[in-house]
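Reviewing the structure listed below.
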Amino acid sequence: MCRSMTLLALSAIFASAQATPVVAQADSIPSAMRARQLPRQHLSGPRFGFTTFTGDVARLRNAIGKESIMSQFGWQFETQVVSTRSGNQALMEWVVLVGGVEQDELNLSLSWLAGYRLPNGLEFGVGPNVSVRKEGGDPTTSMVIAGGATLPFGELYVPLNLAVAFAEGGPRITTLIGWIIG
């Protein structure tokens, strides 16, 4: 009896959900708060900067004759997912970096960030990161929190970002600058 009542209740909920017009739901949101669908912009460009290691990782690097800071070179792929009428933007970003070439290293890093940019260019994002070394070993995974600004310089846009990757052995702090091609 209980099972048939549950099925009946679920059927009623499903039927009422089907009958609710989607337009009525969209009309209940004030027009100033509605997101507008723009053509998806795909903005990308080169990134360069440095990463500073902290904690146990910095000590281990120093013990084997490596600096606790290394260069980073790479590319950021950005997709503007949605934009509000006020100019705020929801973003998805992939950042691919090669680090440590000045120390005869090859550290590859890939981050996937969900982000948000304000109309004044301030931005922040969060997401997972995976890094691998040319020497092999297990990949390092971490959670990245990033913030910064994309600043206009004439017709060029220059992003300046600071990211902290929280990982076992100590956080990594990365600063990147570049430009947007889009």
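The values are calculated or read from the model by the stated rules, or taken from the named source; none is laboratory data. Just so it is clear, the model here is predicted, and its values are computed rather than measured. Backbone-built Cβ (ideal geometry, glycine too); neighbour counts: all protein chains shown.
A few remarks follow.
Residue-wise test of (1) under 20 Å from PHE48 (Cα atoms); (2) of a type in the set (Lys, Arg); (3) assigned to a strand (DSSP E or B); (4) not assigned by TED's automatic domain parsing to the domain that holds THR51.
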| site | (1), (2), (3), (4) |
| --- | --- |
| THR79 | yes, no, yes, no |
| SER83 | no, no, yes, no |
| GLY87 | no, no, no, no |
| LEU91 | no, no, yes, no |
| TRP94 | yes, no, yes, no |
| LEU97 | yes, no, yes, no |
| SER109 | yes, no, yes, no |
| LEU113 | yes, no, yes, no |
| TYR116 | no, no, yes, no |
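- The residue that is surrounded by the fewest Cβ atoms within 10 Å (Cβ to Cβ), counting only those in the stretch 75-132 that are acidic (Asp, Glu) and farther than 18 Å from PRO152 by Cβ, is ASP104.
- Selection within the stretch 142-182: residues that are of a type outside the set (A, V, I, L, M), in contact with a strand residue (DSSP E or B) (Cβ under 7 Å, 6 or more places away or on another chain) and assigned to a loop (DSSP other than H, G, I, E, B). The member of this set that is farthest from VAL130 (Cα to Cα) is GLY182.
Residues are listed down the side, and each one gets a yes or a no for (1) under 17 Å from the mean Cα position of the chain (by Cα); (2) at pLDDT 85 or above:
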position: ASP27; (1), (2): no, no
position: THR54; (1), (2): no, yes
position: MET70; (1), (2): no, yes
position: TRP75; (1), (2): yes, yes
position: VAL95; (1), (2): yes, yes
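- Per-region count, the stretch 58-74, residues surrounded by fewer than 18 Cβ atoms within 10 Å (Cβ to Cβ) and not polar (S, T, N, Q): 9
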